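The values are calculated or read from the model by the stated rules, or taken from the named source; none is laboratory data. Note that the structure is predicted; figures quoted are calculated from it, not measured. Note that each Cβ is placed from the backbone with ideal geometry, even for glycine, and that neighbours are counted across all protein chains shown. All accessible areas refer to the heavy atoms of the entire protein, side chains included, with ligands and DNA or RNA removed. Shrake-Rupley method; radii C 1.70, N 1.55, O 1.52, S 1.80 Å.
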Amino acid sequence: MCDSYTSFAEVYDMFMDNVPYDRWASGIDSLLKKYLPSSADRPMVLDLGCGTGQITRRLRDLGYDMTGVDSSDEMLEIARARETDDSILYICQDMRELDLFGTYQGVVSVCDCMNYITDGQDFIEVLKRVNNFLHPGGVFIFDVNTEYKYEKILADNTFAENRDEGSFIWENEYEPDTKLNIYDLTLFIRESDGRFGKFFEQHVQKAYQRVEIEDMIEAAGLELIEILDTDTLGAPKMDSEKLTFVAREHLKDPDRPGYYKDGSVQPRI
């Protein structure tokens, strides 16, 4: 899960400054505008696995009423410290146990946070909980790293970066049989006295086939709308490194809160 980020939280944004957050936020904005009712005034959107709030803040600035959820206290402390007002609500929760106060017109999850769900049943549980907290007709937009990226790009490679403020060594291992991607992250972070502290973390993600995710979306009661190459927002390619899935809540009765369209009562989580 995303709570793997502990000591790395302090320097996360420094090492992630090459991530195209502006482009990702713009793409999410275009998808939300495409699929949410045009009458929605400042739609309520949940950022699931929000980390330090990079996407959360950008969507807020684009006109959304934002809530951020993450299981890392360290990440959320940084996100809150960067706010000058209370316009974003940040909540510490494990996405597998998502339990909110109301429903949202949109839920988003970026930066391959869903790949940290390494058990298929847990993946379905997250989808079900998202579905439960979506407005009738609301959409869930999430991305995942592809098998191609794990097998061909990350593979059994080592990545390293050295900066004045800190350095890291990323030793990656992909296991095709289990489809688990394991990387050992060694961090050297400059302390206040100028010396470098050494930290170690291990992260585990799972590669899911596209058809697996399609089946899990259906099993959770969501309706798959679209699958896109994350970088281009066009059709997926054989060498797409990241895919974006757009799924919609489609069973709730918009005129009877707490009920499905067939008259049955929506279960409480």
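List pairs: first in the stretch 89-114 and touching a residue at least 24 places away in the same chain (Cβ under 8 Å), second open to solvent by less than 20 Å² (accessible area, probe 1.4 Å) and of a type in the set (Asp, Glu), Cβ under 6 Å, 6+ apart or cross-chain?
Qualifying pairs under 6 Å: 108/47; 110/143.
Take the stretch 27-62 and flag every residue that is more than 13 Å from the chain's Cα centre (by Cα), open to solvent by 20 Å² or more (accessible area, probe 1.4 Å), over 18 Å from residue 135 (Cα atoms) and touching a residue at least 24 places away in the same chain (Cβ under 8 Å).
Passing the criteria: 30, 57, 58, 60, 62.
Per-residue answers, yes or no, for (1) polar (S, T, N, Q); (2) open to solvent by less than 70 Å² (accessible area, probe 1.4 Å):
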| position | (1), (2) |
| --- | --- |
| 155 | no, yes |
| 170 | no, yes |
| 181 | yes, yes |
| 211 | no, no |
| 224 | no, yes |
| 266 | yes, yes |
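Of the residues 151, 173, which is assigned to a strand (DSSP E or B) and more than 30 Å from residue 105 (Cβ to Cβ)?
Going through 151, 173 in turn, just one is assigned to a strand (DSSP E or B) and more than 30 Å from residue 105 (Cβ to Cβ): 173.
Could you say whether any residue in the stretch 201-214 is free of Cβ contacts under 8 Å to residues at least 24 places away in the same chain and within 30 Å of residue 36 (Cα to Cα)?
yes
Under 6 Å between Cβ atoms, which residue pairs at least 6 apart in sequence (or on different chains) link something in the stretch 160-179 that is touching a residue at least 12 places away in the same chain (Cβ under 8 Å) with a partner that is part of a strand (DSSP E or B) and among the charged types (D, E, K, R)?
165/190; 166/190; 168/161; 171/184; 179/206
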